[in-house]
1. Quick one: Karplus J couplings for region 345-354, per residue in order, coefficients 6.51, -1.76, 1.60, θ = phi - 60°, nearest Hz, x for Gly and Pro?
2. Taking the mean number of other Cβ atoms within 10 Å as a proxy for protection, how do you rank 79-85, 169-175, 361-367 from highest to lowest?
3. What net charge is computed for the residues neighbouring A255, neighbours being all others with C-beta under 9 Å from the C-beta of A255, Lys and Arg scored +1, Asp and Glu -1?
4. Using a 1.4 angstrom probe on the protein heavy atoms only, could you order H32, H349 from most to least accessible area?
5. Whole number please: convex hull volume per residue of the Cα set in region 122-186, in Å³?
6. How high is the FRET efficiency between K13 and R77 when r is their beta carbon distance and R₀ equals 22 Å, given to the nearest 0.05?
7. Going by accessible area, probe 1.4 Å, with all protein chains left in place, what is the ranking of E293, E417, largest first?
8. Please report the net charge: other residues with Cβ closer than 14 Å to the Cβ of L340, K and R +1, D and E -1.
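The values are calculated or read from the model by the stated rules, or taken from the named source; none is laboratory data. Not measured: the values here are computed from a predicted model. Note: ideal-geometry Cβ built from the backbone for every residue, glycine included; neighbour counts use all protein chains shown. For accessibility, only protein heavy atoms count, side chains too; no ligands or nucleic acids. Shrake-Rupley method; radii C 1.70, N 1.55, O 1.52, S 1.80 Å.
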Amino acid sequence: MVQQTTSVSGALKRYGLVALAFLHIAVGRGLHGTFGVFFVAMVDAFRWSRAATAGAISLAIIFEGACLPWAGGLIDRIGGRKTLMLGGVILAIGLGFSSTISAIWQFYFWVGIVSAAGIALIGMVPHVAILTRAFPQRRGTALGIAWAGGGVGIVLLVPVTQLMIDNWSWPMAYVGLAAITALLVIPPVQFFLPDSEKPGPTKLTGAKAQVDEHQSTDWTVKRALTNLAFWLLFIARTLASLGNQIIVTHQIAHAVDVGYTKVFAASMFGLMGVISIGGRIMFGYLADVMRRELVFTWVQIISAVGVFALLAMRDDTTPWLLYIYGVCYGLGQGSRALVLSAISADIFHGKHFGAIFGFFTFSIGIGGAIGAWLGGFLFDVMGNYTVSFWVSLACLIISVFIVLFSSRVVEAQKQIERK
């Protein structure tokens, strides 16, 4: 009876960690979704060029990426509670002071540096490190449910932010987001993550324990950074992030350019967030029952269909193309990250995984920063987003072949180790 009670208590605790990850990822990904909304608002308010304005978003992405190894190291050293609460405080401060922006350097500082650091500390690296240790056998499903929070965040925060801008002004929208962040990020950490919680290697039995024990002993940061599979996955994630950020940063601007209203465009991309909730859960489950590289391939194919729909949209007489884009790209949105996270956890899982994963996800910052800026630069040069979206499509497709090749490398390395 005592053993059964302990088992139920442990299960509830683990599900609480999933709920916390869901909530934090909802806030973090939702704020990323608002980049496109504030991009339009800032261009309208200050008449900055699109490339210069998108540069602040690029800085936010790359600085967030630069903070991820630090976030992973903090998780390994001081535990989840302190790391996540620190992130919540920094993020709320960054968003609050963003309401005072009057020059472009302030936009770069408060959004591109301070807020980005806060998002990194409450985002995927800390929660992937926590969840992969709590769910060693159902990582894909646990990550899929947690990543579904990103879809909820997009659904709620993007249109709400647009409404706050329309009704209150963009400075008050930043104040509202700061208040939402302070409420949804900090208090739940105290509820779901005990003060004594400090992640360590998961205790397992049987063959799985032997595998994890080997990984925990051997996979240091130094060894991972000299491994070919690590860099192949790093490049694939960089390309996937680059292609994705071109789309998510400039999707609203493109829809407005072809004739749709800002509120309609923001609401449509909110629909994409709704679709992404089911996509993340579905692909997370599939990643546990199928080859994860194959699941990643299907994620990118479906996303590519959405990009083709966006490319075909020339005016406001074909809203059905916008719906196709919202459904197809929504299914893939966020799913590529969770599948790649599960793949990396399979290979590099161990007591140093937090730090290793932090270095791995720095690829998101590099690719995302280039993508956000490149989309704006190509628009300024070409006068439209056609070339930008074709670049995005190429990045999504190439990343598939790199991930498939990385699986061959991993198998070859395993055969060498067995000998």
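1. 5, 4, 7, 10, 4, x, 5, 9, 4, x
2. Output ranking for 79-85, 169-175, 361-367: 361-367, 79-85, 169-175.
3. In short, -1.
4. Final ranking, largest accessible area leading: H32, H349.
5. 78 Å³
6. It comes to 0.50.
7. The residues order as E417, E293, largest area first.
8. Local charge sum for L340: +4.
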